[in-house]
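Notes follow once the structure below has been shown.
Only the coordinates and a few stated rules stand behind these numbers; no lab work does. Computed from a prediction, not measured in an experiment: that's the story for all the values here. All Cβ positions, glycine included, derive from the backbone under ideal geometry; neighbour counts span all protein chains shown.
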Amino acid sequence: MVLDVGARVLKKLGYTVQESNNGRNAVALYKKLQDKINLVVLDIVMPDMGGGEVYDRLKEINPKVKVLLSSGYSIDDQAREIMERGCDGFIQKPFSMKAMSDKLSEILSKRGG
């Protein structure tokens, strides 16, 4: 349900969305479509493979991948550790459409990706 709501918010903001309901599929999808993906919104807690491992795998595929980390918790130890490894941003759920829009614009406007 959270994935569906997040995807609908992104689509309303005008983004093309590729969805994955678990970490392993997310890595496979990114590997296949990386040239068409400008940014990954990554949840910390996912089935099959946690957000930290997914983040590391994405960086192995493309060291310049832009990732927005999302969690229902405030920036805890796990999120902080991923941020310290170079993640581009963090947004706490639930988020407003404006908060998501602002965060995505901020990350996408950074150079180097």
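Side notes on the structure shown:
- Among 92-98, 53-59, the order from most to least packed when residues are scored by Cβ within 10 Å on average: 53-59, 92-98
- Our estimate of slack between K110 and E53, defined as 0.36 nm per intervening residue step minus the Cα-Cα distance, is 18.1 nm.
- Across the cross-link table entries K11/K64; K66/K103; K36/K64; K59/K110; K11/K36, which are compared at the Cα atoms, the separations over 19 Å belong to K11/K64.
- Relative protection proxy for 37-47, 7-17, from highest mean packing down: 37-47, 7-17 (other beta-carbon atoms within 10 angstrom).
- For the chain: rounded, prolate or oblate by the Cα gyration tensor [a/c cutoff 1.5]: rounded
- Summed over qualifying helices (DSSP H, 4 residues or more, each -39500 (n - 2.57)) and divided by its residue number, the chain shows a 222 nm mean residue ellipticity of -14500 deg cm²/dmol.
- Inter-label distance for K64 and R8, nm, one decimal - labels placed 7 Å from Cα along Cα-to-Cβ: 3.6 nm
- In this simple spin-label model, placing a label point 7 Å from the Cα along the Cα-to-Cβ direction at both E81 and E19 gives a separation of 3.0 nm.
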